[in-house]
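Novice: Questions regarding the structure given below will be posed in turn.
Derivation of every value follows stated rules applied to the coordinates shown; laboratory data play no part. The model shown is predicted, which means the values in this text are computed figures rather than measured ones. Using ideal geometry, Cβ is built from the backbone for each residue, glycine included, and neighbour counts are taken over all protein chains shown.
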Amino acid sequence: MTVRSVEVELGVGAALPRARRRGFFERHQSRIRALGSIVVVFALWELIGRFVITNRLFFVPLSSVFASAGDLWARGELQLHVRTSFLEFALGFGAAALAGIALGAAMAVRRALRDYLDPWVAFLYATPTVALAPLFILWFKLGIESKVAVILLVSIFPILLNTLTGIEGTDRHLIEAARSFGARPMQIFAKVMLPSALPVIVTGLRLGLARGLVGVVVAELFGAKAGLGYLILYSAQTFDMAALFAGVLILALAGVVSSEALKALERRLAPWRFVEVER
Amino acid sequence: MTAKLELRGVSKWFETRSGDVVEALRGVTFDVHAGEFVSVVGASGCGKTTLLRLVDGLLAPSRGEVLLDGRPIAGPGLDRALVFQLDALFPWRTVLDNVLFGLEVQGRLGEEARRAAGELLRFVGLGGFERAYPHELSGGMRQRTNLARALAVDPEVLLMDEPFASLDAQTREIMQAELLRIWNARRKTVLFITHQIDEAIYLSDRVVVLTRRPGQVGDVLAVDLPRPRRLDVKRTPAFGALVDRVWKRIETEVRESVGVPA
Ligand SMILES: Nc1ncnc2c1ncn2[C@@H]1O[C@H](COP(=O)(O)OP(=O)(O)OP(=O)(O)O)[C@@H](O)[C@H]1O
Ligand SMILES: [Mg+2]
């Protein structure tokens with residue numbers, strides 16, 4: 001087929017002036033503000049710890065927290081706690097991600113499965129599942145299994161539910177377009193439903209991740225020999241505020257970093273949802 | 001001439017969620033010959049899109065039958081492609097990958113297919129936008145991508161639901177002429193839906209006029225203007241007479257459907 005181009009009429013290909021390059025501060029405005037805010041609060045923390053609340057049983061300056069973390073590191077304890085918690089979290093959250101996505105997807109495409117599971121999902125999601133932690137300790141003893149089970153249970157529901165709603169929310173016009181081209185059900189699932197739901201699934205992972213981190217601490221509060229939750233509990237019992245804050249800060253940092261990474265992934269997966277708006 | 005496509009007493013009704021029944025089409029009978037270009041015009045809501053979805057096999061008729069090459073249509077097939085009224089592009093795919101979608105699910109993706117898709121995109125004026133995403137395009141550009149996606153599978157029967165509706169007048173005229181060229185070069189059968197009477201007449205061998213809902217065939221008129229048609233055929237008296245005839249036939253319908261009496 002030879003086709004005549006209509007580019008000329010449409011003016012495609014005309015040279016455009018380069019967009020004005022925004023300055024460094026303009027481009028990174030939000031980040032600079034966030035960073036400034038963190039610096040100010042940390043400085044306040046240090047000052048309050050030094051001059052306002054001087055009772056070390058209640059509060060410590062930020063510098064003492066860092067010093068304590070350094071100490072723990074030198075003794076090899078911090079590494080152990082981080083490694084233990086990380087392993088529990090990786091196993092629990094990993095299992096939650098796999099099972100949540102698989103179950104959510106299966107429920108979205110199989111009506112009967114959904115009908116059977118719906119009441120249990122609603123029931124377990126509404127239950128404050130951390131309340132089951134002591135029960136899991138009884139069932140699985142004090143080993144890693146009980147922690148993995150707690151983390152799995154608290155983080156699976158947002159993942160499952162987001163997968164379910166994401167797939168169900170697939171634009172029916174897109175499904176019809178795929179059908180019109182002769183796509184088979186598996187192709188519609190893989191090429192239309194899944195990509196359409198992916199950003200929503202990633203949001204579910206982000207929510208599950210936050211709950212999973214809480215799960216780590218709670219699981220370790222009941223019978224653990226190591227881990228960041230254990231460090232926090234133990235430090236509280238021995239009135240070691242600096243070590244306690246060290247544990248909390250590391251958990252917070254892990255939460256922020258992983259959730260920001262997933263947010264970035266959401267943007268990459270669905271750029272059309274984040275069309276830039278002037279503010 | 002043999003009938004490529006036959007509609008025999010086709011009725012379609014929908015049950016709405018509230019339990020009401022909406023009758024979209026009633027006893028529609030007409031045929032489209034192989035290689036023929038047939039347009040369907042009618043007031044908004046008279047069932048034109050429903051008609052195309054029936055022919056594409058996305059819907060089954062409530063009564064009557066739709067035949068392709070003499071056999072009832074059982075579902076969507078490789079021999080037909082539908083250009084959707086609302087451009088149903090996949091937002092996570094680039095323009096090129098959207099155009100290749102049909103070939104991909106049909107397992108016909110190859111170097112040749114990619115090259116042809118690139119050429120199609122240039123034809124619809126989207127050369128250079130292969131890697132753009134739908135949200136980066138204008139409404140008219142999206143609609144042209146939508147058109148290229150259907151042309152890419154090279155179907156025998158092209159079903160087009162107001163494909164040029166969101167284009168400006170000039171682009172629309174160029175696209176009309178190009179569509180006629182493709183149709184003529186590849187001997188495709190086209191069932192074309194439009195709101196615009198002059199578009200229907202300029203493009204078609206025959207024009208089917210549907211009444212307002214439930215859509216019934218109100219008139220079928222043959223357009224005996226010689227081909228190939230140049231754009232200035234639109235300013236001839238013969239063309240004007242045909243436009244008048246169709247307009248008279250649907251004027252009352254349109255007036256009634258929007259509640260403005262003559
Ligand atoms: N899936 C559906 N469920 C219920 N009613 C429907 C459905 N699809 C179409 N209809 C109804 O059928 C009638 C015809 O719709 P259709 O989309 O075919 O009209 P149309 O002629 O294409 O209109 P337009 O020119 O505005 O695109 C309308 O009254 C519409 O509300
Ligand atoms: Mg329509």
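Novice: Mind checking the mean number of beta-carbon atoms from other chains within 10 Å of the Cβ atoms in A:167-179?
Specialist: What the average comes to for A:167-179 is 4.
Novice: Excluding A:Ala242 itself, what net charge comes from residues whose Cβ is under 10 Å from its Cβ, given Lys and Arg +1 and Asp and Glu -1?
Specialist: Result for the neighbourhood of A:Ala242: -1.
Novice: Would you mind calculating the relative contact order of the stretch A:163-236 from Cα pairs under 8 angstrom and at least 6 residues apart, reporting the percent as a whole number?
Specialist: Once divided by the residue count of the stretch A:163-236, the mean separation gives 27 percent.
Novice: Run lengths n ≥ 4 of DSSP H only: what is the helix-derived mean residue ellipticity at 222 nm for the protein assembly as shown, with -39500 (n - 2.57) per run over all residues, to the nearest 500?
Specialist: Working: 21 runs with 295 residues, N = 541.
Computed mean residue ellipticity for the protein assembly as shown: -17500 deg cm²/dmol.
Novice: Quick check for the protein assembly as shown: number of Lys pairs with alpha-carbon distance under 21 Å, counting only pairs 8 or more apart or on different chains? Spell out each step's value before the answer.
Specialist: Details: A:Lys141/A:Lys225; A:Lys147/A:Lys225; B:Lys4/B:Lys48; B:Lys4/B:Lys188; B:Lys12/B:Lys48; B:Lys48/B:Lys188; B:Lys48/B:Lys248; B:Lys234/B:Lys248.
So the count works out to 8.
Novice: Hey, another quick one. Counting only Cα atoms, I'd like the Rg/Rh figure for chain B, Kirkwood definition for Rh.
Specialist: Ratio value, two decimals: 0.96.
Novice: Moving on. Normalised by the residues of chain A, what does the relative contact order come to in percent, with Cα pairs under 8 Å and at least six apart?
Specialist: 21
Novice: Here is a follow-up. Taking the Cβ of each residue in A:Thr163, B:Thr29 as the centre, tally the other Cβ atoms inside 10 Å and list the residues starting with the fewest.
Specialist: Sorted ascending by nearby Cβ count, the order is B:Thr29, A:Thr163.
Novice: Within chain A, which whole H helices from DSSP have a Cα span along their axis of at least 30 Å and a mean Kyte-Doolittle hydropathy of 0.5 or more, if any? Kindly include the intermediate steps, with their values, before the conclusion.
Specialist: Working: long enough: A:77-109 (48 Å, 1.24); A:144-168 (35 Å, 1.57); A:194-221 (40 Å, 1.53); A:241-269 (42 Å, 1.33).
Once both thresholds are applied, what remains is A:77-109, A:144-168, A:194-221, A:241-269.
Novice: Among A:Trp139, B:Trp183, B:Trp13, what is the fewest-to-most ranking by other Cβ atoms within 10 Å?
Specialist: By the 10 Å Cβ count, ascending: A:Trp139, B:Trp13, B:Trp183.
Novice: P(r) tail for the stretch A:212-279, what percent of Cα pairs lie past 15 Å?
Specialist: 63
Novice: Right, next: Where Lys and Arg each count +1 and Asp and Glu each count -1, what net charge lies around A:Ser155 among other residues with Cβ under 14 Å from its Cβ?
Specialist: That sum, taken over residues with Cβ under 14 Å, equals +2.
Novice: Please rank B:Tyr202, A:Tyr234, fewest neighbouring Cβ atoms within 10 Å first, as an exposure proxy. Display every interim value, and only then the final one.
Specialist: Working: B:Tyr202 24, A:Tyr234 18.
Least to most surrounded, the residues fall as A:Tyr234, B:Tyr202.
Novice: Now a separate question. I'd like the mean, over residues of A:49-62, of how many other protein chain beta carbons sit within 10 Å of each residue's own Cβ.
Specialist: 0
Novice: Pairing the Cα long axis of helix B:111-123 with the longest principal axis of chain B, what angle in degrees results, from 0 to 90 and rounded to the nearest 10?
Specialist: Compared with the principal axis, the helix lies near 60 degrees.
Novice: Averaging over all projection directions, find the projected area of the Cα convex hull of the protein assembly as shown and quote it in nm² with one decimal place.
Specialist: 34.9
Novice: Per residue of B:85-94, what is the mean number of Cβ atoms on other protein chains within 10 angstrom of that residue's Cβ?
Specialist: Average per residue, whole number: 5.
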